[in-house]
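Presented below is the structure to which this report refers.
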Amino acid sequence: MGDLIQKIIDFFMGLFGMKKDPELPSGGGASSGGGGYASAHGSVSGLDEIEGAEHVHVAAGKVLVQRDGAALIEDEDDGDNVWIDQVNKDIPRQAWVDDWGPAGSGPTDEALTKFLMHEMVFGMEHQSDPHNAEQKLIGFGYRDAGHFYKVRATVMKHFADYHGPNLGDCVFQSQRVMSASMKAGQMMHQANMQQSMQADPALVAPVEGVTMEQYAQIQARAASLSQDQFAALLAEQGMDMAKWHRVSNEWNTRMQNDTTHTLVTIYGQAFQSAGQGQFGAQAAAHAATGFDGTAAAGAEPMPLEKCCEIQGAMSAWSKTGQDVNAMLAKTFNMNAQDFSAAHSWWLSQLTADLARFPRYNELCEHYEKQYMGAAPAAPDSDLSF
C-alpha cells in the first residue's frame with residue numbers, strides 16, 4: 001500500500017504544480033507582450049492591412065485565420081499553426097476598456113479563476129489542435145480567439161503586477177493569481193473527470209458491489225488493524241479475504257490503466273476522508289478542501305522542517321535501494337499512511353502561500369543529502385516564515 005500512497009502524493013503534488021518552483025500555466029499561443037508570456041521575434045506575412053500588426057512578435061509565418069484581436073499563423077520554419085495575441089497593449093493601463101466576456105462581470109476572484117481555467121483548457125488544446133482550441137473558447141462563451149485575448153487583457157489590467165505605465169508592462173506573479181491558478185487547475189481536472197466518467201461509466205462501476213470510495217476507506221482502516229481485525233472488518237462489509245483480493249486487484253488495475261487520474265483522485269479523497277492514522281484529522285481536513293489549493297484547517301501535524309526531513313530521508317532511502325517503509329517505521333515511528341496525511345496537509349499550506357515553497361525545496365534537498373551521508377552546512381537560518 002505504501003507504493004500506492006506515494007503515487008497519490010506524487011499525483012497531488014503534480015496537481016498543485018509543486019514538483020518544481022510553481023509557475024502560472026501559460027494559455028497557449030503567442031503574445032504581443034505582457035502578461036507573463038515571452039515574445040518570439042520574427043515577422044508575419046499578410047498583416048499589412050491589420051490594425052495593431054506593429055505589435056505582433058511571433059515566428060515568421062503567414063496568416064491563416066484573422067480575428068479582431070488575434071490571428072492564426074503558420075510558422076515558416078516548422079509548419080506549426082499558432083494563435084497570436086494581436087491586442088494592442090502599448091496603451092496606458094487605465095485606458096483599456098474592460099471586457100470580461102464569459103469570465104464574469106468584474107474583478108473578482110471567481111472571475112479570475114474562471115478565466116484561468118478557460119486559459120488552461122485553451123492552452124492544452126492549442127498544443128495539438130489550434131482550430132479546435134478556438135472551438136473550446138466558443139463553447140465557453142467567447143466570440144472567438146480574439147475575444148479571448150481581449151478578456152485576457154482585462155484580466156491583466158486588474159490582476160497583473162506592473163513594472164511600467166502600459167497595459168503590456170506586467171507579469172502574472174501574485175499570490176492571488178497563483179492561488180486562483182490552483183483552483184482553476186482543479187476545476188479543469190474535475191471537469192475532465194466528469195467527462196471521463198460519462199464517456200466510460202465502467203471506469204467507476206462497483207467491483208462485486210464494492211465502490212471505489214468503499215475500497216479506499218477500507219484500505220485507510222487496514223493499516224492499523226491486525227490480520228484478525230482486518231478479517232472482521234471485511235466480514236462487516238460482506239467480504240472474505242478471497243473476495244477482497246479480487247476487488248483490490250481489479251481497482252488497482254483500473255487505477256494503473258486510468259490515464260485521466262480520475263480514479264486516483266476519487267481514491268485519495270475517500271482515503272483521506274476516512275481520518276485514519278496518527279494524523280487522520282489533518283488528512284480529513286485536507287480532503288475537505290477538495291484539493292483546490294486552499295489551506296487545510298486545523299493544527300499542524302508536525303513542524304514543516306520535520307516534514308521536509310522525512311521527505312528528504314524517504315528520497316535518499318529510495319535512491320540508495322533501502323526499504324522505505326521499513327526505514328520510515330524504524331526512524332520516525334510512522335507508516336506511509338501517516339506521512340501521506342502530514343505531507344498532504346503541509347502541501348495545502350504551501351499552495352496557499354507559495355512564497356514558502358523555495359524554503360520547502362531547500363529543506364527537502366538538505367535532508368536528502370544528509371540521509372545519503374553527504375550533509376551540507378545547515379540551511380540558511382535567515383530564511384524564515
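If you go through the stretch 155-205, how many residues are farther than 30 Å from Arg93 by Cβ and either among the charged types (D, E, K, R) or loosely packed, with under 14 Cβ neighbours inside 10 Å (or both)? Total meeting the criteria: 9. Answer yes if at least one residue in the stretch 238-256 is in the same structural domain as Trp346 (by TED's automatic domain parsing), within 30 Å of Ala191 (Cα to Cα), surrounded by fewer than 14 Cβ atoms within 10 Å (Cβ to Cβ) and of a type outside the set (S, T, N, Q), and no otherwise. Looking through the stretch 238-256, none of the residues is in the same structural domain as Trp346 (by TED's automatic domain parsing), within 30 Å of Ala191 (Cα to Cα), surrounded by fewer than 14 Cβ atoms within 10 Å (Cβ to Cβ) and of a type outside the set (S, T, N, Q).
Could you grab me the full set of residues in the stretch 74-83 that are under 32 Å from the mean Cα position of the chain (by Cα) and either outside any strand (DSSP E or B) or at pLDDT 95 or above (or both)? Hits for the stretch 74-83 are Asp78, Gly79, Asp80, Trp83.
The listed residues are Tyr367, Tyr360, and the only one of them that is in a helix (DSSP H, G or I), at pLDDT 95 or above and under 26 Å from His189 (Cα atoms) turns out to be Tyr360. Every condition in (1) in a helix (DSSP H, G or I); (2) closer than 19 Å to Gly69 by Cα; (3) without any contact (Cβ under 8 Å) to a residue 24 or more places away in the chain is met by Val97 except one, and the failing one is (1).
Within the stretch 134-163, the residues that satisfy the criterion of being small (Gly, Ala, Ser) and assigned to a helix (DSSP H, G or I) are Gly139, Ala145, Gly146, Ala153. Checked against the criterion of being in a helix (DSSP H, G or I) and farther than 30 Å from Pro301 by Cα, the stretch 257-277 contains one or more residues that satisfy it. Out of the stretch 281-321, which residues are surrounded by fewer than 20 Cβ atoms within 10 Å (Cβ to Cβ) and assigned to a helix (DSSP H, G or I)? Scanning the stretch 281-321 gives Ala281, Ala284, Ala288, Leu304, Glu305, Lys306, Ser315, Ser318, Lys319.
The values are calculated or read from the model by the stated rules, or taken from the named source; none is laboratory data. The structure presented is a predicted model; accordingly, all values stated were derived computationally and were not measured. Note that each Cβ is placed from the backbone with ideal geometry, even for glycine, and that neighbours are counted across all protein chains shown.
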